[in-house]
Amino acid sequence: MRMRRVRVHSMAEEAGVSIATMSCACWQPSRVRESTRLKVSEASKRLNDMLSASVRNLARGRPAPPSGKYEQTGSSGGSPAGSAHQIEQGRYIHMPTPTYTFPQDFLWGAATAAHQIEGNNVNADWWEREHRPDSDLSEPSGDADDSYNRYAEDISLLAGSGLNTYRFSVEWARVEPEEGFFSQAQLLHYRAMIEACLQDGVTPMVTLNHMTLPRWLARRGGWRDPASTDLFGRYVEHLIPILEGVTWVCTINEPNMVALTQGGQEGNDMAAASLPTPDPVISESLVKAHRKARAVLSLLPGIKSGWTIACQDFQALPGCEQDMEEYRYPREDFFTQAARGDDFIGVQAYLRTFIGHDGPRPVPEDVEKTLTGWEYYPDALGESVRHTWRIAEHTPIVVTENGIATADDSRRVDYAFDALAGLHQAMDEGVRVEGYLHWSLLDNYEWGSYKPTFGLVSVDRETFERHPRPSLAWLGQVARSGILAHPRG
């Protein structure tokens, strides 16, 4: 039975769109806006060799599902993310996924944070919050993943997979457990982590502050304390000796989330998609601390420093564009603008949020959700990167976090593939992206609970045994080859 080949370039010409956009419409319709899908739908109706069944599914933004009346070729089962299916003359045809080639010097890796994986971070404000009688958190961090003692194993797992970059954080509360006392033992511990990376051929990306504060500083008001910026600068000065051989340094992780949650001492769940207005005192303090840290780091030759922003793909409901801009500015763009002129800016994107006149709209009940309750929306990465590139005035970008909390590792691969395909498209449009770091290397403590599992590696909560998931091998192969391809073809 003869099957015609779908002519994407003819469709693109008829629809008046680029071949790249046309390919997205065919292979990944969820990445294409509704107006473009309508153009494609109308164009396909004008082409005699495309049947209406295929057109309807393109317009709906999903591939045609298999059923008994269609002859299926290619992979069995439902349509995987990143693959295309077309119906032509009543036959169900599997079309291979496109592949994407990334630069040879691209950073491919995974990220973690000290409090979330090390365990027993007893001098941190979050530990104190976890153990309050009236704690608003589901469970304490406890031993976490015991990575304080098992970091060499974690780095070896990452390196063995083919990934080339490990982002981890230094814990301020360990280095300076009491004001003015800097633990040489802890500084040597983090230096040993850096050396373990270098010995395994892994590029270390070091975050200097990831959400938590030493208890003594939190009790003084945390980032509201006028002295906090100078205290942070002093802390960074003590880190300088251990950063030899390090190129990439993130000063502060997600300052916009820190300002929203008041330094992690009170307020909202860190995983919430909608949060109150940031504390302006904290916002300004964090910008000053970031700039002071960059000034200190500039004393080291070869250092590239920046900070990382929690980004969302904000989308305005009709007539609510101004509402969206006013909502986004204090929560994201204020911090992105502060990165103008930095060596890089970290983008950390997971989700989209619709904004109406009264603020963010809840996630619809009928969409696929992750274990955090967020919408499954891999397109958020590409859109967030484009927005950051514009607002930060072409500051180079590293994707320092992106991933999904799921119990289904195949969906983790689907999500990462689609997110990376969208990232590649943004790069093709001229956005300078230096690397992609998946969140997370390990299942970890997600700021109140171990239930959301983001890891490329699962961790036994009793024995701390590591169990690499297939997603780790897949992403490692992408890193080795520089070619993004879906494992299901």
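Brief remarks on what is shown
- Translational diffusion of segment 325-456, µm² s⁻¹ [Kirkwood Rh, Cα pairs; Stokes-Einstein; 10 °C; 1.306 mPa s]: 102
- Amide H to amide H distances under 5 Å link Ala349 with Cys311, Glu401, where only residues 5 or more positions off or on other chains count and H is placed in the peptide plane.
- Backbone HN-Hα couplings from phi across segment 344-355 [Karplus 6.51/-1.76/1.60, Hz, Gly and Pro as x]: 6, 10, x, 9, 10, 10, 9, 8, 10, 9, 8, 10
- Amide H to amide H distances under 5 Å link Glu434 with Ile397, Val398, Val399, where only residues 5 or more positions off or on other chains count and H is placed in the peptide plane.
- Phi to ³J(HN,Hα) by Karplus 6.51 cos²θ - 1.76 cosθ + 1.60 over segment 97-109, Hz, x for Gly, Pro: 5, x, 10, 10, 9, 9, x, 5, 8, 5, 7, 10, x
- Amide H contacts for Lys369 (H built 1.01 Å from N in the peptide plane; partners 5 or more residues away or on another chain; cut-off under 5 Å): Tyr376.
- Per-residue Cβ neighbour rank within 10 angstrom, fewest leading, Cys320, Cys311: Cys320, Cys311
- Bridging of Lys304 to aspartates and glutamates at a Cα separation below 15 Å is possible for Glu244, Asp342, Asp343, Glu434, once same-chain residues fewer than 8 apart are set aside.
- Burial order of peptide ranges 381-388, 174-181, 109-116, 154-161 (average beta-carbon count within 10 Å, highest first): 109-116, 381-388, 154-161, 174-181
- Each peptide in 141-151, 196-206 receives the mean, over its residues, of other Cβ atoms within 10 Å, and ordering these scores from highest gives 141-151, 196-206.
- Here Phe168, Phe102 are placed in order of increasing Cβ neighbour count within 10 Å, fewest first, which gives Phe102, Phe168.
- At 1.306 mPa s and 10 °C, Stokes D of segment 101-484 from Kirkwood alpha-carbon radius, µm² per second: 77
All of the numbers you see were taken from the coordinates with simple rules; none came from a lab. Being a predicted model, the structure only gives us computed values, none of them experimental. Cβ sites come from the backbone with ideal geometry, for glycine too, and all protein chains shown count toward neighbours.
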